[in-house]
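Have a look at the structure below before the remarks.
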Amino acid sequence: MIVDWLKIENHKGGVLQVELNNAPVNSLSATELRELRKFFNAVASDNSVSSVLLTSGLKVFSAGLNLKEAQTYDIEAQSDVVNAFHECFLELYSFPKPLICAVQGAAIASGLFPVLCSDYRIAEEKAQFGLAEVRVGVAFPVGL
């Protein structure tokens, strides 16, 4: 499956590097969350892949929800993005192969969820992690 904002590179030993590349901050919409879920679902059954290394090609790992787009959401769109979050991150959480996140820069808000779903995490010295949503009672996706 080809997703234009994911850069894919195969390494020795069946390691698949998946680089998030949705400038400027790897923000996520319902569409991107569904694409990511479908991509990982396809990789789960690919016998040539032994593990996945999730990285970012940007200064930020991910800033989470696309807030510019979210300002225009009606109730239906809000429900859609929440459902897409649940579906995507449940797929990542239950991914049957080792999932490694290499984080540089910030992994904040829902951009932290792929990191929480991974089996292993590698962070550079300047990596930052945050989930301010818990202060206002936003629930974690189903499965986390």
*asked:* What's the ranking of 88-98, 51-61, 125-135 by average number of surrounding C-beta atoms within 10 Å, highest first?
replied: 51-61, 88-98, 125-135
*Give me the number: length gained by fully extending Val49 to Lys126, i.e. 0.36 nm times residue separation minus the C-alpha to C-alpha distance, one decimal in nm.*
24.7 nm
*Work out the count of Lys pairs in the chain where the Cα-Cα distance is under 27 Å, with the pair 8 or more places apart or on different chains.*
15
*Extension gain from Lys68 to Leu90, taking 0.36 nm per residue of separation minus the Cα-Cα distance*: 5.4 nm
*Provide Rg over Rh for region 5-144; use the alpha carbon set for both Rg and the Kirkwood Rh (inverse mean inverse pair distance).*
0.95
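To the nearest 500 deg cm²/dmol, what mean residue ellipticity at 222 nm is calculated for the chain from DSSP H runs of n ≥ 4 alone, each contributing -39,500 (n - 2.57), summed and divided by the residues? Please report the intermediate quantities before stating the final value.
On the way: 4 runs with 43 residues, N = 144.
Roughly -9000 deg cm²/dmol at 222 nm, from the helical runs in the chain.
Quote the Stokes-Einstein diffusion coefficient, in whole µm² s⁻¹, for region 1-45, based on the Kirkwood radius over alpha carbon pairs, a temperature of 25 °C and a viscosity of 0.890 mPa s.
Working: Rh = 11.3 Å.
Taking Rh from Cα pairs, D becomes 217 µm²/s.
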*Which percentage, to the nearest 5, of the DSSP beta bridges contained in region 1-137 is antiparallel?*
20 percent
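Values in this text are rule-based calculations from the coordinates and carry no lab data. What you see is a predicted model, and the numbers here were worked out from it, not measured in a lab. Reconstructed Cβ throughout: ideal geometry from the backbone, glycine too, with neighbour counts over all protein chains shown.
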